[in-house]
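Working notes, beginning with the structure itself.
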Amino acid sequence: MKRWLLALLMLAAAPAAAETLVSTLSNSQVLITSSFDGATLSMFGSIEPGAEGTAEGPYNIVVVITGPLQSRVARIKTSNYGIWSNTDQVTFQHFPSFYAVISSGKLDAIAPPDVLAQYTVLPEDQARTTAQATGLKAERFSLELVRMMGEEGHFVMQEDGVRFLSNNAYAVNLQLPSDVVNGRFLVRTLVLKNQQLVTERTESFSVRKSGFENFVFVASRQQPLLYGIVCVLLALGTGWLAGVVFKR
Amino acid sequence: MNLFFLVGIGGAVGFLSGLFGVGGGFLLTPLLIFSGVPSPVAVASVTGQVAAASTSGALSYYRRGGIDLHLAMYLILASTIGAMAGVATFSALRSAGQLDLFISVSYLLLLGFVGTLMMVEAVRTMMRRRQGIVTPDRLPSQHSWMHGLPMRIRFKKSRLYISVLPVLAIGVFIGWVGALLGVGGGFILVPALVYLLRVPGNVVIGTSLLQVVAMMCVTTILQALTSQSVDIMLAFCLMVGGTIGAQFGASAGKYLRGDQLRALLALLVLAVAIRFGLTLVLPPSDPFSMAVLAGGLPQ
């Protein structure tokens, strides 16, 4: 409620031009605890009139969420002499670990292909632009990678996820799966009218492991030697303890 | 991954390892891979579990004086070098995208070979028993071609005076295979010590266990350093389940005859080998796969 009031206050301070967008996220940080099984964030926004003093719709909203970037590789298995093995691969540099497109309607009805391409909205475009290959090969692996990411719940398309509360105000629910990657998530909001971009806005939230999980994860990356030694001591200790407890 | 599932799978494999007197890595790693754990993580994390499972055994043999420390030292030194080579090979195969293939083929060959040998031996013993022929455990002959090699060393406890070269070669090979496949290598090391080096029966198991503990510790640290795919939580769940299961397995083992145990173990080993063979031959449900190379660190 407080954030809503804040959003309304910001309305008054909006700079003069075309329409502007004010929006806010329910959380700026998502903590992953040991019982974490996904999270839902809410986002509220309002399209404010510019200098002309008009903010008349109908508007369409596209929200694009991009998770932390990773290097990912897609591989294909083929059968050679009766044995299935990986024979070809394409690496994708700086590829999002999570990607969601949430819109207020069918994307192809909201925006023409050139606008979607210009703002790299479609997940396939994310793959194409990061593929370390060219031509048909890049195209084929891009489509397959997007399909696999979708099957694992890391790439999401939700074409009815933006709910209009009034002509100018909307609400979005962002679902994060249980196995999200740590790091900064960017939330890009595009406002479209008559199939053209009116305004856009980018904000972010961060996801990080909390407590013991975070400690263990950071230790394995920053103090690998110590981590390995602790693992070994744990093994020796468990073995020794079992020998003492179950002495035959 | 479910905590109870992991402790359970560790317990089940621990039961089998206690029953058959093996480390269990060669069953646990495949089981984890088949249940969806990425093979790099499975291989690297099982090493910790194998170390834990072998520690209590090694300790009790040590108390009974069933370890040839001198021989174990040479084996450990050699297997450390082998493990370094194994971890390097592991990383190279992983970045080339051929780790899964290599693991499948190696398991198929290794388990197929060992399983067949054990099966043949167990069936032969059973048939002899049925015919009423009592065969005393064969005493190893005192000489083989190994004894002609240079650099001979006296291992007092094992009452051996043999060349150090085959000892080192066995150590390097075990270290390499162990690091690559996430196995302790006891099921290769024991036959190698018995049949190649003629190590007497009273120190074979203890020496092999000590070597497995040392090598798995080295491998765990090396994997943590290079591939960073050791999952300490996964390893710990497996350790707890494994060490407890092993105690029950060891008690259950007293009710079965040696040849029956070996035949059962051979069946199990062959089943795992066949499962790996199938993954190689059958068309995959999805020819495409993906993996993360780097990134996604906390900020």
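Report the calculated FRET efficiency for A:HIS94 and A:LEU241 (r = Cβ-Cβ distance, R0 = 51 Å), to the nearest 0.05.
Step by step, r from the Cβ atoms, then E = 0.65.
I need the calculated FRET efficiency for the pair A:MET157 and B:LEU264, taking r as the beta carbon distance and R₀ as 56 Å, to the nearest 0.05.
My answer for the efficiency is 0.65.
Around A:GLY153, with a cut-off of 14 angstrom between Cβ atoms, what is the net charge of the other residues, counting Lys and Arg +1 and Asp and Glu -1?
Here the count lands on -3.
With no solvent and one equal point scatterer placed on each C-alpha of chain B, evaluate the Debye formula and give log10 I(q)/I(0) for q = 0.12, 0.14, 0.16 Å⁻¹, two decimals.
-0.80, -1.08, -1.38
Sorted by packing (mean other beta-carbon atoms within 10 Å per residue), highest first, where do B:49-56, B:233-240 land?
Going from most to least packed, we get B:49-56, B:233-240.
Using θ = phi - 60° and the Karplus curve 6.51 cos²θ - 1.76 cosθ + 1.60, what whole-Hz ³J(HN,Hα) does each residue of the stretch B:236-248 get, with Gly and Pro shown as x?
Calculated HN-Hα couplings, in order: 5, 4, 5, 4, 4, x, x, 5, 6, x, 4, 5, 5 Hz.
Highest mean first, what order results for A:70-77, A:107-114 on Cβ atoms within 10 Å?
For the peptides A:70-77, A:107-114, the packing ranking is A:70-77, A:107-114.
Kirkwood Rh, Cα Rg: Rg to Rh for chain A?
That ratio is 1.10, to two decimals.
Quantify how strongly other chains surround peptide B:47-57 by giving the mean number of their Cβ atoms within 10 Å of each of its Cβ atoms.
Mean partner shielding for this stretch: 6.
Which FRET efficiency, nearest 0.05, do B:ARG154 and B:ARG63 yield, Cβ-Cβ r, R0 25 Å?
Step by step, r from the Cβ atoms, then E = 0.50.
So what's Rg/Rh here for the protein assembly as shown, counting alpha carbon atoms and using the Kirkwood radius for Rh?
Looking at the protein assembly as shown, the ratio lands at 1.11.
Every number here is computed from the coordinates shown, using simple stated rules; none is lab data. All of these numbers come straight from a predicted model, not from anything done at the bench. Please note: Cβ atoms are built from the backbone with ideal geometry, for glycine as well, and neighbour counts cover all protein chains shown.
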